[in-house]
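The values are calculated or read from the model by the stated rules, or taken from the named source; none is laboratory data. This structure is a prediction, so every number in the text was calculated from the model and none was measured. As a convention, Cβ positions derive from the backbone with ideal geometry for all residues, glycine included, and neighbour counts pool all protein chains shown.
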Amino acid sequence: MKAMSIARKYGLYHILFWLTLFATWHFFRYQDYPESYRLHITAIKVADLALLVYLTNYLLIPKLLYRKRYWLFGGVFLAMVIASSILKMYVLGRMLQNPAMFSLAGNLKERIYDNVLPHILLVCTGAAFKLLADQLRAQRRLVDMAREKANAELNFLKSQINPHLLFNSLNSIYFLIDKSNAEARKTLLQFSDLLRYQLYECGADRIEIEKELRFLKDYLHLQALRKDSNYEIKMDVSEEVRGFTITPLLLIPFVENAFKHISHHGDRTNFVHVSMSRMNGTLNFNVSNSKDEHQRITEPTGGIGLTNVKRRLELIYPGQHQLAIENASSTFHVSLSLDINRPAITMNQ
């Protein structure tokens with residue numbers, strides 16, 4: 001198992017495949033070329049095919065085919081194969097000192113049959129393996145998501161108190177608070193909104209970003225009430241962050257983590273800064289907090305944690321996110337970028 005993981009990590013399977021193809025190709029075709037050029041010509045042909053396969057599998061398929069730009073994919077693919085065939089014939093013609101190979105004149109049907117069609121068939125075969133592998137990975141992700149969702153729902157049911165009793169109790173507390181204490185009433189309403197969001201609105205696979213933002217703002221406000229003037233808590237959101245959906249409760253673990261590990265300096269400001277912007281179809285989310293060199297945690301343990309949210313991102317936004325975590329001596333910074341143009345994987349897919 002260890003050898004297999006090392007092979008996957010360093011791409012040894014790819015190297016072994018192309019070396020095997022090189023040896024096979026050379027064995028069956030070496031007699032077609034002059035002895036002094038046999039290895040060179042085989043290397044050029046295999047390298048040309050490998051380049052086409054990797055460009056198709058790791059550029060054209062993710063960027064065009066998976067985004068349903070089928071005509072553009074077909075056009076670019078065909079142009080790439082033709083250009084590659086012409087370039088290969090030119091290089092081989094120069095190497096073998098055979099002008100007929102790189103001349104545009106000649107039997108067009110024979111050139112297409114000997115160069116373009118084999119390229120199309122071989123590259124399409126490589127693309128088929130890529131599509132099959134991606135489909136299998138997607139199926140495994142869906143199974144993992146179903147398992148994790150079932151576990152989460154089971155844990156929630158185990159710990160859930162009756163929501164009607166909870167909201168009735170909050171409503172009673174609200175009317176017990178003196179009307180002159182507007183701040184206390186406002187805070188209780190915000191707390192009620194937090195619970196309502198978690199209990200009733202987060203059951204769907206997707207949620208409007210405006211609702212997620214309102215939840216984050218309420219959470220920050222409640223946290224700010226617990227801190228004194230030596231703590232700076234702020235959230236900056238650009239106007240472009242609107243009109244799209246994301247997975248519910250995807251961002252809150254990063255904010256919870258910031259408060260869990262915030263510093264408690266008496267001689268300088270402690271802070272939690274949250275910012276969110278949208279640019280070119282990408283949601284950029286940043287959370288920074290000050291931290292003590294010798295960290296002490298004042299928040300209770302719990303929540304899904306950074307490890308689990310990383311796993312959620314891998315399952316729901318595969319290849320659609322970038323997560324960077326910087327743990328410096330006095331600050332902790334999380335930067336998350338989400339491709340919101342492509343739909344995330346949901347349980348309904």
* Asked: Going by the conditions given, is LYS227 part of a loop (DSSP other than H, G, I, E, B), without any contact (Cβ under 8 Å) to a residue 60 or more places away in the chain and out of contact with any Ser or Thr (no Cβ under 6 Å at 6 or more places or on another chain)?
  -> yes
* To do: Scan region 275-309 for residues that are within 27 Å of ASN341 (Cβ to Cβ), of a type in the set (Val, Ile, Thr), modelled with pLDDT of 65 or more and out of contact with any strand residue (DSSP E or B) (no Cβ under 8 Å at 6 or more places or on another chain) and jot them down.
  => VAL309
* Would you say ASP218 is exposed (fewer than 14 other Cβ atoms within 10 Å of the Cβ) and in the same structural domain as TYR317 (by TED's automatic domain parsing)? -> no
* To do: Just name the residue that is modelled with the highest pLDDT out of those in region 230-255 that are part of a strand (DSSP E or B) and surrounded by fewer than 17 Cβ atoms within 10 Å (Cβ to Cβ).
  => ASP236
* Asked: Got at least one residue in region 272-279 being out of contact with any Asp or Glu (no Cβ under 9 Å at 6 or more places or on another chain) and exposed (fewer than 13 other Cβ atoms within 10 Å of the Cβ)?
  -> no
